[in-house]
Amino acid sequence: MPTCEEQEIAIDMRLHGALDECACVALDAHLSTCERCRAFESAARRTEAIMHEGAQAAMDVVDWGAVDKAIAGWRWRSVVLVAALVAFVTYMAFGLAGGEFSDAHGPTWSAMLAALVAAVLGADVWHRARAFTRLRRDADTLAMIREDLENRGRVLTRGLLLFPLLAMFFGWRALGGDEEWASFVPAGLCVATTAFIWFVKRPALARARAALGRPEGR
Amino acid sequence: MVGSLPCLGGAEEAALLASVRQGGEPRRAAFAVVYRNLREPILALGLHLTGRLTDAEDVLQETFLLVYRALPGFRGEARLSTWVFQIALRVGLQLRGRRRNHAEVDPETPAPRDTEAALIARDEAARLRAAVADLPAEHRAVLALFAVEGLGHRAIAEVLGVPEGTVWSRLHTARRRLGEVMGRR
């Protein structure tokens with residue numbers, strides 16, 4: 001004799017056309033005697049109806065012309081943004097560290113650091129895009145999402161160790177020698193990157209984890 | 001019909017992928033076909049996952065941006081639609097993480113059009129969206145995927161990467177949890 005829980009699963013299967021005729025007859029027989037399962041069926045049907053009606057109403061108000069245009073624009077926008085970010089970081093590093101303020105080593109340090117920051121941010125964007133479009137068969141998609149978030153968390157933790165150390169190194173050089181501008185710029189860049197990770201990336205990651213919730217069964 | 005999944009047959013998918021590999025104009029034309037076929041179900045999925053029309057539009061845009069970029073690397077290991085839904089699911093589930101202030105219900109999201117009891121229906125729909133948004137990802141995902149019309153349980157199992165039996169048990173647990181959350185509100 002199937003339990004109520006098994007009958008509730010059968011109710012969902014019938015709602016989605018996955019229950020054979022024989023099982024349907026058995027389910028109807030059970031429903032005629034079980035009030036709890038009838039309430040479950042009623043709630044399930046109502047939920048499905050509300051979700052379908054909500055989607056239908058949304059489709060009617062969507063401005064597809066605007067959405068299509070935005071998608072066409074987005075293809076270029078992200079490329080332009082990354083290019084602009086790299087150009088800005090490089091310009092800032094060269095512009096401030098070069099010229100009359102720097103010694104021979106200044107631009108080299110700054111350029112290396114600008115490249116490092118651009119590489120870290122670029123790798124993050126690339127990794128995210130790759131993680132989102134990677135197709136693994138027979139692997140739980142939700143588990144993969146959690147695994148990706150854990151990996152990103154590890155990368156951010158390493159960044160939070162690396163960039164403050166670099167900031168201290170350049171800060172020490174800036175305070176200790178006659179090449180203060182050449183070292184001040186990379187130190188500032190490291191502090192800014194640390195702050196960016198701490199105040200923007202970490203909270204976003206925490207929100208993403210919270211939005212996913214705990215895995216089933218925990 | 002909302003989200004009724006227009007099928008791309010195996011031969012049609014193979015032809016599309018061949019066009020994608022040619023690059024240039026054939027690639028753009030193939031992308032346009034994929035987009036036209038799947039934009040409504042993906043928007044519906046985004047709406048069910050996020051509960052907000054504006055967020056659903058963001059899910060749609062980001063999903064197809066990723067599809068456009070990654071399409072040349074897609075080797076046909078699964079159905080094209082399964083792959084697009086997997087991407088949309090990831091984008092939709094993680095979108096909230098990128099929002100600083102997430103209002104539960106978007107005032108722009110239209111309510112179901114029950115003419116007789118519009119206010120009650122609006123309130124019920126709003127409570128349902130908020131309750132779904134409170135569920136863990138596994139349950140939100142399975143409810144949202146089943147709410148996309150035309151997406152069968154086998155396709156849902158492929159999108160989630162779990163056996164069909166797991167899909168049914170997750171759907172059952174999701175309904176129970178949803179009932180509990182709705183009861184608390």
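The values are calculated or read from the model by the stated rules, or taken from the named source; none is laboratory data. Keep in mind it's a predicted model, so treat the numbers as computed, not measured. Note that we place each Cβ from the backbone using ideal geometry, even for glycine, and neighbour counts take in every protein chain shown.
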Tell me which helices (runs of 4 or more DSSP H) are completely within the stretch A:1-72 and hold 2 or more residues being within 13 Å of chain B (Cβ to nearest Cβ), or say none if there are none. A:4-15, A:35-61
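Condition check ((1) within 9 Å of another protein chain (Cβ to nearest Cβ); (2) more than 9 Å from the chain's Cα centre (by Cα)) across all residues:
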site: B:ALA44; (1), (2): yes, no
site: B:HIS48; (1), (2): yes, no
site: B:GLU57; (1), (2): yes, yes
site: B:GLN61; (1), (2): yes, yes
site: B:PHE64; (1), (2): yes, yes
site: B:PRO72; (1), (2): no, yes
site: B:GLU77; (1), (2): yes, yes
site: B:PHE85; (1), (2): no, no
site: B:ALA88; (1), (2): no, no
Considering each residue of the stretch A:143-170, count those that are surrounded by fewer than 18 Cβ atoms within 10 Å (Cβ to Cβ) and either more than 28 Å from B:LEU89 (Cβ to Cβ) or touching a strand residue (DSSP E or B) at 6+ places or on another chain (Cβ under 9 Å) (or both), and give that number. 8
Scan the stretch B:149-174 residue by residue and report those that are in contact with a Ser or Thr (Cβ under 9 Å, 6 or more places away or on another chain), in contact (Cβ under 8 Å) with a residue 12 or more places away in the chain and at negative phi. B:GLU149, B:LEU151, B:ALA155, B:GLU158, B:VAL159, B:LEU160
Where in the stretch B:99-185 are there helices (runs of 4 or more DSSP H), lying wholly inside it, with at least 3 residues that are out of contact with any helix residue (DSSP H, G or I) (no Cβ under 7 Å at 6 or more places or on another chain) and modelled with pLDDT under 90? B:118-134, B:164-184
Before we move on, is B:ARG90 at pLDDT below 75, under 24 Å from A:ALA143 (Cβ atoms) and not in a loop (DSSP other than H, G, I, E, B)? no
All conditions in (1) within 14 Å of chain B (Cβ to nearest Cβ); (2) modelled with pLDDT under 90; (3) assigned to a helix (DSSP H, G or I) are true of A:PHE199 except (2)
Filter pass, B:ALA56 being crowded, with 24+ Cβ neighbours inside 10 Å, in contact with a Gly (Cβ under 9 Å, 6 or more places away or on another chain) and more than 27 Å from A:GLU147 (Cβ to Cβ): no
Return the pairs, sorted by first residue and then second, in which the second residue is assigned to a helix (DSSP H, G or I) and of a type in the set (Phe, Trp, Tyr), the first residue lies in the stretch A:58-69 and is under 12 Å from B:GLU57 (Cα atoms), the beta carbons are less than 9 Å apart, and the residues are 6+ apart or on different chains. A:ASP68/B:TYR35
